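Here's the structure we're looking at; comments come further down.
The values are calculated or read from the model by the stated rules, or taken from the named source; none is laboratory data. Note that this is a predicted model, so its numbers are computed, not measured. Glycine gets a Cβ as well: all are built from the backbone with ideal geometry, and neighbour counts include every protein chain shown. The area values use the complete protein model at the heavy-atom level, side chains included, leaving out ligands, DNA and RNA. Shrake-Rupley method; radii C 1.70, N 1.55, O 1.52, S 1.80 Å.
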2 protein chains.
Amino acid sequence: MTDVPESHPRYVSLRMRDDIARGVEQGVTSPHGLIAHGRGEAFDYMIGETTQPFALSAIRSAAAMLLRASHPVISVNGNTAALVPAHLVSLSAACKAPLEVNIFHTSHERERAIERQLRDSGAEGVLLPSPDSTIDHIESNRKFVNPRGIAVADVVFVPLEDGDRCEALRKMDKEVITIDLNPMSRTSRLASVTIVDNVVRAMPLLLETIAELRSLGVPQLETLVSTYDNQTILDQAQQRLRKGG
Amino acid sequence: MTDVPESHPRYVSLRMRDDIARGVEQGVTSPHGLIAHGRGEAFDYMIGETTQPFALSAIRSAAAMLLRASHPVISVNGNTAALVPAHLVSLSAACKAPLEVNIFHTSHERERAIERQLRDSGAEGVLLPSPDSTIDHIESNRKFVNPRGIAVADVVFVPLEDGDRCEALRKMDKEVITIDLNPMSRTSRLASVTIVDNVVRAMPLLLETIAELRSLGVPQLETLVSTYDNQTILDQAQQRLRKGG
């Protein structure tokens, strides 16, 4: 699989599968994370495996939201750590947003493996959940957060997230940005900004857009955020899904 | 996850995830099998997570094809062994078709784990691939077959299969029956009969249909097979996929 040439039509998809399978070996990704990855593959196939206009609109709004945030935080799970660790580190630097490890199925070992993966990709500081700090409205391991991170964030970037988590953050009046290939998922519907795109395509575009919008003032950023309508974007994504690639 | 009540709207889906994750622990399922399972979940979601008319038509033709076969064989991989081991054993008995372990990523350990899983579910004999017997047109581990099984089969039932395998069997003029939730996959397009349905819903229905058609004579079975058109079935499945559940 690792011998697949870059010219292969399925190169990106096969490369991602390798990255995520290696994530399991390294203790970064959970078996349930692999299944979630497979779901993403199918939805990506259905939208044509390219970044669509609705994703570009969401990326623009997400970039503005991150730039005008007071305390943005990047929540990292096993799949994003396996697939785009270097991009997460770059995003953290670009937005002065700490990286915080947060996973669904409790495992301190896996939290540390994710932290290691991020540090190997250049992260200087990585926040871990604290047993003394919890958020309401959530039952799983994810209720534990870092008191310097998600607990005090106004904007949380949580790519490839589950619905419960997204809902809990929204109930705490935080703005939530997600990347999710399924426009019908609870996460997609609950987030403030949903980027319906493959994380490996969306992350470089998000970084480029942040660089491009960096010179804008707060009122202009605010306009980009306030004129964005997530439901319209999700409707467009669902139409595309049904129409086919 | 295992505590999810049967009344939960996602009970079957969550139960399957548990079965397949346990398959990994037991050495039956590969990490790539988990990703494939996730893809299936997404396509199942898109067709409404119910058995559709096009699947019922394919099941009827598949049952007739298995009943009128001279040497039917059931090819078993990690995902089917994890999800429907008892149904595979029942099908083997109902059609007098041997079970043959055949997996994509070479691992004798996993082959034996799958054999064990089938025996634990009541299988008396399980064929394993033989290093001395190969089929043409295929590069991977799957070219090794059992000389008393797939090598001499006229009909091969290969649920949740990959495209290369299906193509190689077709080139050897064998009839191939598959179960695949993606009607656009190479396997779906190359098979003689493609059941576009979730394997846990399709297997009990296939067993019921075999019991129902058992009293038919060969000419009647032949008519059921010859009047079936797989391309029409795939077109219907794809329309449903695009229309939504």
Failed condition for B:Gln238, given (1) of a type in the set (S, T, N, Q); (2) crowded, with 19+ Cβ neighbours inside 10 Å; (3) within 14 Å of another protein chain (Cβ to nearest Cβ):
(2)
Considering only residues that are of a type in the set (S, T, N, Q) and either in contact with a Ser or Thr (Cβ under 8 Å, 6 or more places away or on another chain) or buried (at least 21 other Cβ atoms within 10 Å of the Cβ) (or both), which ones fall in region A:73-92?
A:Ser75, A:Asn77, A:Asn79, A:Thr80, A:Ser92
Consider only pairs whose beta carbons are under 7 Å apart and that are at least six residues apart or on different chains; among these, list those whose first residue lies in region B:75-98 and is under 13 Å from B:Ala123 (Cβ atoms) and whose second residue is open to solvent by 20 Å² or more (accessible area, probe 1.4 Å) and among the hydroxyl-bearing types (Ser, Thr, Tyr).
B:Pro85/B:Ser121; B:Ala86/B:Ser121; B:Val89/B:Ser121; B:Pro98/B:Ser92
For region A:37-48, how many residues meet the condition of being touching a helix residue (DSSP H, G or I) at 6+ places or on another chain (Cβ under 6 Å) and open to solvent by 20 Å² or more (accessible area, probe 1.4 Å)?
2
Filtered residues of region A:9-36 (kept if at pLDDT below 85, more than 8 Å from chain B (Cβ to nearest Cβ) and open to solvent by less than 70 Å² (accessible area, probe 1.4 Å)):
A:Tyr11, A:Ser13, A:Leu14
Just one of (1) more than 13 Å from chain B (Cβ to nearest Cβ); (2) among the charged types (D, E, K, R); (3) touching a Leu at 6+ places or on another chain (Cβ under 8 Å) trips up A:Arg39, so point out which.
(1)
List the pairs whose first member sits in region B:216-245 and is on the phi > 0 side of the Ramachandran plot, whose second member is surrounded by fewer than 16 Cβ atoms within 10 Å (Cβ to Cβ), and whose Cβ atoms are under 7 Å apart, counting only residues at least 6 apart or on separate chains?
B:Gly244/A:Arg242
Report yes if some residue within region B:55-68 is open to solvent by 50 Å² or more (accessible area, probe 1.4 Å), free of Cβ contacts under 8 Å to residues at least 60 places away in the same chain and either among the small types (Gly, Ala, Ser) or farther than 25 Å from A:Leu241 by Cβ (or both); otherwise report no.
no
What number of residues in region A:106-124 are aliphatic (A, V, I, L, M) and touching a Leu at 6+ places or on another chain (Cβ under 8 Å)?
2
Taking the stated definitions as given, is B:Ser188 within 14 Å of chain A (Cβ to nearest Cβ) and surrounded by 20 or more Cβ atoms within 10 Å (Cβ to Cβ)?
yes
Single residue of A:Ile47, A:Ile74 found to be more than 14 Å from chain B (Cβ to nearest Cβ), on the phi < 0 side of the Ramachandran plot and among the β-branched types (Val, Ile, Thr):
A:Ile74
Per the filter on region B:93-116, residues open to solvent by less than 70 Å² (accessible area, probe 1.4 Å) and of a type in the set (Val, Ile, Thr) are B:Val101, B:Ile103, B:Ile114
